[in-house]
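Working notes, structure below.
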Amino acid sequence: MSLRTKSLLRLWIFAAMTMLAATSMVRPAAATTTTWKVKIDVSNGALHYTVQGNNNNCGSGALQADPPTITICADDTVKFVAHSKGDQHELALVLPDKVLGDKRRKPRAHFHSSDQTETTGGQVVKNPPTMPAGGYKYYIIVIDKQDGKMYTLDPKIIIGGHPVEDKYRQGR
């Protein structure tokens, strides 16, 4: 092999290794995250809520009314806001399993807001506890300060997909 051929071969190998090193340093794009908006309404004397957001990777559909579960992805955020007749109310959410956290994803057992303000935080925690069958239970409590009534509901959150029993019913 001639000296010129060896030099060209070395240059080609160096270029190939440089390209390989450059492509291995490129990080894949982060998965799309969704901020889910749970809008709770007690203005008609009963607690109803809608879930808005759209993440077809593992999340719920685009809009659901009074769903028994909310399905979200591991990097998603859930925000809650309430509405009452006079918009004078207290909203409390209790999450015994601490699957949602503050802005730094530190686990929290409860969230609170007043008078149509949105809850802060709501990011799925980094290492949630093992999900029980059917999902993580949470409690919605709204106290309407104008009429003095308290409204409650206990739906569930599912992280990463539908519960096992739903997959079984769907024949998967």
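Worth a mention:
- Dipole size of segment 35-168 about its Cα centre, with +1 on Lys/Arg Cβ and -1 on Asp/Glu Cβ: approximately 460 debye, rounded to the nearest 20.
- Stretched out straight at 0.36 nm per residue, the stretch from ASP147 to ASP115 would grow longer than its current Cα-Cα span by 10.1 nm.
- Of the residues PRO96, SER84, VAL125, the one whose Cα sits farthest towards the positive end of the charge dipole of segment 35-168 is VAL125 (charges of +1 on Lys and Arg Cβ, -1 on Asp and Glu Cβ, taken about the Cα centre).
- The mean sequence separation of alpha-carbon pairs under 8 Å and at least six residues apart, normalised by the residue count of segment 35-168, gives a relative contact order of 25 percent.
- Here's the list of aspartates and glutamates a cross-link from LYS79 could span, going by alpha-carbon distance under 20 Å and ignoring same-chain residues fewer than 8 apart: ASP41, ASP66, ASP87, GLU90, ASP97, ASP102, ASP115, GLU118, ASP144, ASP154.
- Å³ per residue enclosed by the Cα convex hull of segment 86-134: 74 Å³
- Measuring between alpha carbons in the structure, the pairs from LYS103/LYS149; LYS39/LYS145; LYS85/LYS106; LYS37/LYS106; LYS106/LYS149 lying more than 28 angstrom apart are LYS103/LYS149; LYS85/LYS106; LYS106/LYS149.
- Restricting the calculation to alpha carbons of segment 35-168 gives Rg and Dmax of 14.3, 46 angstrom.
Read-outs throughout are calculated quantities, based only on the coordinates presented, and are distinct from any laboratory measurement. These numbers come from a predicted model, not from an experiment. Cβ coordinates were reconstructed from backbone atoms using ideal geometry, including for glycine residues, and neighbour counts include every protein chain displayed.
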